[in-house]
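Structure first, commentary second.
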Amino acid sequence: MPESDHGVVAVATDLEATAMDAARALARAIGESATFRAFEEARDTLMTDVELTRRLRSYQRRRQEFETVRSWGGGDPREADKLEAEWRALVEVRLVREYLRTQDDLVVFLREVAALISQEIGMDYASACAPAGGCCG
Amino acid sequence: MTSAEDKSAVLARARDFVGVLKATPAGQVLAKAVGRAQGDPEVQRLRERLRRAVDAFQQAQRAGTTDEEQIQAIREAQAAYQRHPAVGELFGAQMQMTSLLRSANFVISDLLALDFGQTVRSAGGCCS
């Protein structure tokens, strides 16, 4: 590699390392916000209830499976009723309500952050970070 | 509801992050490619056609009435859009930036113990 190319590569690498430092600083600022701390506390409290966490995960998995089937025109209405009943039971639990409330606040906040990044760089942050192999490839 | 103080502190760090991203070679190539694609009326027309096809499919998906014709319409609109040279250039530039964004997302998500990219995805899921 010619010497001048070494220089270009070094500048690019430096800038990329600086970008990762800036990403870390952004994460720390998010982590210090009251919105994130409230979510973290609600999440940690919820996780201490093993049975409740298991029910919530099971509900989310069944819901996702149902939505996938429904998006292709299928889906058993009885499963829809069961899911609805389970959801009503889950949101009766204070820990779940608190978790969902703090999560909603956090999502609104983080979407604002991601929207700023997407708008400034000219591409969608969330789509770029989506796992490979998703339906939009 | 996030306080104005927290919001301002976090958005300032987000702007710093974006500033560095824009200065990278990938950021500079992307800015040029975005400018070229946005300034080209044909690209805008093809993009709008694709957006309308995706919207129609999503509406049908919600109603549970999707059909093969709608999927075909998306495929055709997508192919026409992707064939445009300015779009090809844009995709190439986006791929370079994607690699940087994924690394950054890993750093952010690791510190927060939450997938930042996944959390901010629209409720509509993929393709939206």
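Laboratory data are not the source of any read-out in this text; all were calculated from the coordinates shown. Quick caveat: nothing in here was measured; it's all calculated off a predicted structure. A quick note on method: Cβ atoms are made from the backbone with ideal geometry, for glycine too, and the neighbour counts reach across all protein chains shown.
Just add up the charged neighbours of A:Ser33: K/R +1, D/E -1, any other residue whose Cβ is under 12 Å from the Cβ of A:Ser33.
-2
Place a +1 charge on the Cβ of each Lys and Arg in region B:20-102 and a -1 charge on the Cβ of each Asp and Glu, then give the dipole magnitude about the Cα centre in debye, rounded to the nearest 20.
Taking the Cα centre of region B:20-102 as origin, the dipole is about 380 debye.
Relative to the longest principal axis of chain A, what angle (0 to 90°, nearest 10) does the C-alpha long axis of helix A:3-32 take?
Taking the Cα atoms of chain A, the angle to A:3-32 is about 30 degrees.
Enter the angle in degrees (range 0 to 90, nearest 10) between the Cα long axis of helix B:85-112 and the first principal axis of the Cα atoms of chain B, meaning the one along which they spread out most.
Around 40 degrees separate the two axes.
What net charge do the residues around A:Glu98 carry, taking every other residue with its C-beta under 15 Å from that of A:Glu98, with Lys and Arg at +1 and Asp and Glu at -1?
With Lys, Arg at +1 and Asp, Glu at -1, the neighbours total -2.
Measure nothing but the geometry: give the 0 to 90° angle between the long axis through the Cα atoms of B:4-23 and the longest principal axis through the Cα atoms of chain B, rounded to 10°.
Here the helix axis deviates by roughly 70 degrees.
Taking the alpha-carbon centroid of each part, what is the distance from region B:20-93 to region A:23-47 in angstrom?
34 Å
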